[in-house]
1. Search the stretch 159-181 for residues being in contact with a Leu (Cβ under 7 Å, 6 or more places away or on another chain) and part of a strand (DSSP E or B), and hand back the single one that is farthest from residue 226 (Cα to Cα).
2. Would you confirm whether any residue within the stretch 168-184 is in the same structural domain as residue 440 (by the TED database), within 30 Å of residue 332 (Cβ to Cβ) and among the hydrophobic types (A, V, I, L, M, F, W, C)?
3. Return the only residue of 406, 433 being open to solvent by 50 Å² or more (accessible area, probe 1.4 Å) and either at pLDDT 95 or above or outside the structural domain of residue 295 (by the TED database) (or both).
4. Looking only at residues that are hydroxyl-bearing (Ser, Thr, Tyr) and surrounded by 13 or more Cβ atoms within 10 Å (Cβ to Cβ) in the stretch 191-222, which one is modelled with the lowest pLDDT?
5. Just wondering, is there one or more residues in the stretch 85-102 that are over 19 Å from the mean Cα position of the chain (by Cα) and hydroxyl-bearing (Ser, Thr, Tyr)?
6. At least 3 residues that are in the same structural domain as residue 351 (by the TED database), open to solvent by less than 30 Å² (accessible area, probe 1.4 Å) and within 30 Å of residue 452 (Cα to Cα) in each: list the strands (runs of 3 or more DSSP E) lying fully within the stretch 43-120 that qualify.
7. Can you pull out the residues in the stretch 285-324 that are within 24 Å of residue 169 (Cα to Cα) and either charged (D, E, K, R) or outside the structural domain of residue 166 (by the TED database) (or both)?
8. Hey, does the stretch 344-355 have a residue that's assigned to a helix (DSSP H, G or I), open to solvent by 50 Å² or more (accessible area, probe 1.4 Å) and either in contact (Cβ under 8 Å) with a residue 60 or more places away in the chain or not hydroxyl-bearing (Ser, Thr, Tyr) (or both)?
Amino acid sequence: MKKRKGFYSWLTALLLISMIASGCSSGSEGKGGTSAPGTGGDDGKKVEILLGYYSSDSSDAKMKELIEQFEKQHPNIKVKTQSAPYGQFYQKLDTQIAAGQAPDVWLSDGVYVMKYAQRGAAKDLTDWIAKDLKADEYYGLDFNKDADGRYWGVPQGIQVGVLFYNKDLFDKAGVAYPSDEWTWEDLKSSAAKLTVDAGGKTAEDSGFDAASVNQFGLTFFSITEGWFSVMKSYGGGALDEKAENSIIHSPENKQAFEWMVDGMQRGIITDPVDLKSFQSNTAVFPSGSAAMRIGIYARVQAANEAGLNYDVALLPKGPDGKRVSPVIANSWVINQKSGEEKAAAAWEWIKYWATEDEVQKQWTELGEAVPVKKSVAESEVFLKAGEQPANRQAFLDSLEFAQTLDNNAVWEEWVGKFNENAERAFLGDTGIDQALSDADAAVQAVLDDFYKK
């Protein structure tokens, strides 16, 4: 960033006059709704910021390289880092936020951005985004927008759900590959032909044993890679538009649950007990034990490492033609309590990440996420990043009907309550109506505890 020495000298004098006249001192915290000030003082003093991110073996080296490149381009900004494995990072971050000692800028899991915003930890970036970023050049900016139109983060990378399918298992069963016209009923019909028990019978055969399945038609778990897309595409959902009230107990959700429970009872779809026989919930598809899975982009790595012959397609449509993909926009957020200079320096980091194609290209090569900048996402850097999956365009197409996971300040809490009750229905421990009614009440209690205080 170029410094305008004369401008800042004039501004300093003006501020002194203003302070003497008003008898007020200048505040240390940046305020949302202002343009980002310059970083560093007239004396060339460096601004030091603390940048936090969750670490992984595959990304740490590249993150350090990008920080070094940033510092060379911004000699007046020094970046210190704080990193830890995912769970440890967010546990420590919550403690730091409570103590007023959080990093100046950190990488937020997309489902937590609204938690930080609604709890007063994140800075409102609305005006800075409008000033420095061109919305039509990016994927996912709106995924961090609240019901009042304010923006609380800038995407670092995007995870969007598609349908992964094992081509070898489809070929062996003589089943046609998924098409863009598939409904969830079409998926279940094909999945039945691809579900095989210990005796070699499919779910369509007489005598099929749903209690001893060796190969599932579809692996299914969690909000992101399980029930969210089904409920939404059936016209249902979990929370209202403001994410402050439950809408779980509805006819649309009942229909979606009937589809899911039927598939699990027939052994076609993995249920919570089935998943316990695997090393992790995510291991079913890469191990070749399922013909299909709902999966985000990050699952490409495991499928490739396993050497599967696979591809991806759009998720199926609901009964009325509605299609919904789950999306998580992992994002950079700025600490609301950081002073103006630190907040401005943090914004320079975010702009560096989002606006420079070279930065986006370098991160894309790791294969962890869909790039944020369209010029990179729509280029061969992403679309031809590897032989598999061939249809990477499906991830970009899915962003047209992607929806965030009803994120709010108590996202983890309400999802936990929902899952507890959904699992009872999935395992046949209670009826669907009762499970939805109980989930609705439990989730609303969590929401009321936060929003009605």
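The values are calculated or read from the model by the stated rules, or taken from the named source; none is laboratory data. Just so it is clear, the structure is predicted and the values come from calculations on it, not from any experiment. Glycine gets a Cβ as well: all are built from the backbone with ideal geometry, and neighbour counts include every protein chain shown. Quick note on the areas: whole protein, heavy atoms, side chains included, nothing else; ligands and nucleic acids left out. Shrake-Rupley method; radii C 1.70, N 1.55, O 1.52, S 1.80 Å.
1. 166
2. Within the stretch 168-184, the subset in the same structural domain as residue 440 (by the TED database) is 168-184.
Pick out the ones that are also within 30 Å of residue 332 (Cβ to Cβ) and you get none.
No - not one qualifying residue is present in the stretch 168-184.
3. Details: 406 fails: open to solvent by 50 Å² or more (accessible area, probe 1.4 Å).
Residue meeting the stated conditions: 433.
4. Here the residue is 222.
5. Yes, some residue in the stretch 85-102 is over 19 Å from the mean Cα position of the chain (by Cα) and hydroxyl-bearing (Ser, Thr, Tyr).
6. Answer list for the stretch 43-120: 105-108.
7. 293, 299, 305, 311, 317
8. no
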